[in-house]
1. Name the residue that is nearest to B:Leu210 (Cα to Cα), counting only residues in segment B:9-34 that are within 7 Å of another protein chain (Cβ to nearest Cβ) and either surrounded by fewer than 19 Cβ atoms within 10 Å (Cβ to Cβ) or of a type in the set (A, V, I, L, M) (or both).
2. Quick check: is even one residue across segment B:128-149 out of contact with any Cys (no Cβ under 6 Å at 6 or more places or on another chain), within 14 Å of another protein chain (Cβ to nearest Cβ) and of a type in the set (A, V, I, L, M, F, W, C)?
3. For segment A:91-110, which residues satisfy the criterion of being modelled with pLDDT of 95 or more, touching a Lys or Arg at 6+ places or on another chain (Cβ under 7 Å) and either farther than 20 Å from A:Ile39 by Cα or of a type in the set (Gly, Ala, Ser) (or both)?
4. Applying the selection to segment A:61-78, what residues are under 25 Å from the mean Cα position of the chain (by Cα) and either more than 30 Å from A:Arg28 (Cα to Cα) or in contact (Cβ under 8 Å) with a residue 60 or more places away in the chain (or both)?
5. Taking the options A:Thr83, A:Thr17, A:Thr24, name whichever one is among the polar types (S, T, N, Q) and either open to solvent by 70 Å² or more (accessible area, probe 1.4 Å) or in contact with a Pro (Cβ under 7 Å, 6 or more places away or on another chain) (or both).
6. Among residues belonging to segment A:12-57 that are facing chain B (nearest Cβ under 9 Å) and in a helix (DSSP H, G or I), point out the one that is farthest from the chain's Cα centre (by Cα).
Amino acid sequence: MHEMGIIIHLAGTLEETAREEGLTRISRVTLEVGEVSGIITDYFEDCWNYFKKRHPVLEDSRLEILTIPAVTYCSACGREYETVKYGRECPYCKSGETWLVRGNECVIKEIEAE
Amino acid sequence: MKVIELNKKATASNDRDAALLREELKSRGLFLINLMSAAGSGKTTFLSRTIKDLEGRVPVGVMEADIASDVDAAAIEALGAKSIQAHTGGCCHMDAAMTREALDAFQPEGGMIVFLENVGNLICPAEYDTGAHLKIMLLSVPEGDDKPLKYPLMFEESDALLITKTDALPYFDFDLEAARKRALALNPEIAVFPVSAKTGEGMAAFEDWLLGRYRAFTESA
């Protein structure tokens, strides 16, 4: 399961951060998740609630997910457009020379901890 | 309670482990290749051919990663090559920690090319750095030439694309040039090799390229 793999690494990254910062309890984890990251947030939260119990520092934490809209840049006409609505082809000039600017990320924005 | 701003990738711990592993392997002269593709694209057959062709030129080892069974490792061992079967414990991909564990059990000799045959899956393996020095992906003719459009990340991440089972081209509507163009549009640096591991067609061009990359690696180590 895709979400499980990400959660394992997320928990690892957070444990490492807690060690570095001398934290004993993380109460909130705020993630920025891109619209086209392939992460299904419902599954993701279920996985988190199951997995956090294995890590004492994360046990009481709440996951907060902020969705980042996906944006594509067209290198032919230099304009940006909504990825989910139009896909890979630029709606303005019909070029296929397009690149995802954002929307594929899974970033830990901030945590609340003590 | 305090709020700490992190702005760290969720997989940051894996990226760090992978970078460390890559450096360590380099100092031991071990060239690790992450071999990725969908299930059934011919990874094991392709590896069997490569092992036979490279025999006597460079030592090759294979680490097979699957969710269960050891059929692939058994096939490789039948060729006399060093092989190990790793299980991902249900996970859809190999990460740096799993790769390190497999390497510790495998104990490859210095100077070896080690193929990590990742879990058959066109999606997740592309997202995790295993610590490999080179990423090679396979796309087989029966899968269709539209796969770069559907699963772009693996094409973007790979150093080489092998279009396998070209002996089956007469039976499928697979447009070789369309597949090549679509892959290059995603990744202009990707090296594309149409091959048939069954007939051997195209394998020499790929093996020359591979040996070139191996030499460049050992010279910079």
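The values are calculated or read from the model by the stated rules, or taken from the named source; none is laboratory data. For clarity, every value in this text was computed on a predicted model and none was experimentally measured. Don't worry about glycine lacking a Cβ; one is built from the backbone with ideal geometry, like all the others, and counts go over all protein chains shown. The area values use the complete protein model at the heavy-atom level, side chains included, leaving out ligands, DNA and RNA. Shrake-Rupley method; radii C 1.70, N 1.55, O 1.52, S 1.80 Å.
1. Ranking the candidates gives B:Ala12 first.
2. The answer is yes, given that some residue of segment B:128-149 is out of contact with any Cys (no Cβ under 6 Å at 6 or more places or on another chain), within 14 Å of another protein chain (Cβ to nearest Cβ) and of a type in the set (A, V, I, L, M, F, W, C).
3. Scanning segment A:91-110 gives a single hit, A:Tyr92.
4. Hits for segment A:61-78 are A:Thr72, A:Tyr73, A:Cys74.
5. Matching residue, one of A:Thr83, A:Thr17, A:Thr24: A:Thr24.
6. A:Glu21
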